[in-house]
Structures are given as structure tokens and as C-alpha cells.
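Below are the C-alpha cells for one structure; questions will follow.
What follows is calculated from the coordinates using simple rules that are stated; it is not laboratory data. From a predicted model like this one, the values you see are computed outputs, not experimental measurements. Here the Cβ positions follow ideal geometry from the backbone for every residue, glycine too, while neighbour counts run over all protein chains shown.
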Amino acid sequence: MRWQQGEGPPQIAGLSVRTGFVPGDLGVITTLHGRLYAEERGWDARFEAYVAEGLARFVLADSPRQCAWLAEESGRLVGVAAIAEATDSLAQLRWFLVVPQYRGRGLGTWLLKEAVAFCRQMGYARVFLWTTSDLSQAAALYRSLGFAKSEEVEHEAWGANVVEERYDLDLRDLDSRR
């Protein structure tokens with residue numbers, strides 16, 4: 001089933017959003033994550049490898065129950081989100097990122113809402129994501145859409161001590177509130 005986009009993305013001059021990958025996208029997404037998290041969090045190249053490995057598996061799976069949204073401005077990637085199939089009933093939000101200049105303009109909210117709507121359309125019962133405790137603005141966005149923190153793990157990863165947090169959204173709860 002092809003994804004039918006809901007309401008359009010925020011009105012930002014030159015912004016367009018597409019689903020699906022074209023040659024070069026995996027490298028750009030990997031580089032963007034690697035550089036941004038190195039600058040903002042001090043993480044090393046192992047994080048970039050982690051992103052690349054997951055993206056490769058995602059593309060090679062070629063499942064109709066997975067989708068990626070790539071937001072571009074004048075051909076430059078400025079935001080991304082993807083839904084990966086974890087099990088028949090469980091989806092994972094992955095690679096959710098908005099470059100700093102586009103934060104606070106509604107793009108992240110729109111990407112996240114599209115991802116959740118896609119999960120509902122595909123019949124997933126739940127969707128989860130992993131983030132880190134220092135990404136408080138992202139966590140606030142997740143909570144605003146009904147995600148709840150379900151797990152916390154502290155460990156060394158990517159050259160730093162991190163506290164990873166898992167957030168879950170039960171889509172059946174959303175259906176019962178309608």
C-alpha cells in the first residue's frame with residue numbers, strides 16, 4: 001500500500017517533502033546525523049556507523065510497511081523521519097532529525113504526525129523510539145503526541161556516557177479515544 005500524505009508540511013519557502021530514497025540519500029542522512037551529533041553532543045564516528053548500518057538494513061528490507069520522509073530546501077536535506085517495521089504489530093520511529101535552522105518551525109511536529117499516521121494506516125498496534133535524555137525538546141514533542149517514556153538505560157556509547165530513553169505510543173489507545 002502506498003502512503004497517502006495527509007495535510008501538507010509547514011509553509012516554509014522552498015521546502016518540499018518526499019518519501020522514498022534516491023541514490024546518495026543514505027550517505028547524506030548518515031553524514032548529517034554524524035556531523036550534527038558530533039557538534040551538539042560530542043559523539044564519535046561510531047554513531048555514524050550505527051546510523052549507516054540501520055539505514056542499510058531498512059533500504060534492503062524494501063517493505064511496504066516502512067516509509068521515510070525526507071524534507072528538503074533547495075535540494076538540501078533539512079529533516080528526516082522513518083518508520084521501520086519491528087514486528088507485525090510494532091513499528092519503530094528512526095532517524096528523526098531536523099537541522100537546527102529549521103527547528104521550532106513546525107517541521108518536526110509535521111514529520112512525527114505523518115509517521116504516526118502511517119503507523120495507523122499500516123495497522124501497527126504500537127510505535128516506539130529511542131532517544132537520549134539530553135534531547136528534552138524532542139522528548140516534549142513525543143509526549144505532546146501521546147508517547148510515554150517506558151525505559152531508561154545508562155551506558156557508554158559513541159564516545160560518551162549517554163542515558164537512552166525509550167518512548168512508546170499505543171495506537172490502540174488512540175483508537176479508543178476517537
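Just to be sure I understand, if you calculate Rg/Rh (Cα atoms, Kirkwood Rh) for this structure, which of (i) 0.93; (ii) 1.11; (iii) 0.98 do you get?
(i)
Next question. State which helices in the chain qualify, where a helix is a whole DSSP H run, it must extend 18 Å or more along its own axis by its Cα atoms, and its mean Kyte-Doolittle hydropathy must be at least 0.5.
Long hydrophobic helices here: 45-61, 107-122.
For labels at Ala61 and Val153 in the simple 7 Å Cα→Cβ model, what's the distance in nm?
Distance between label points: 1.7 nm.
How far is it, in nm, from the label point at Arg41 to the one at Ser16 when both lie 7 Å from their Cα along the line to the Cβ?
Distance between label points: 3.1 nm.
Sum -39500 (n - 2.57) across every DSSP H segment of at least 4 residues in the chain, then divide by the residue count to get the 222 nm mean residue ellipticity, nearest 500.
Helix contribution divided over all residues of the chain: -11500 deg cm²/dmol.
Quick one: Karplus J couplings for the range 150-155, per residue in order, coefficients 6.51, -1.76, 1.60, θ = phi - 60°, nearest Hz, x for Gly and Pro?
10, 7, 9, 9, 9, 6
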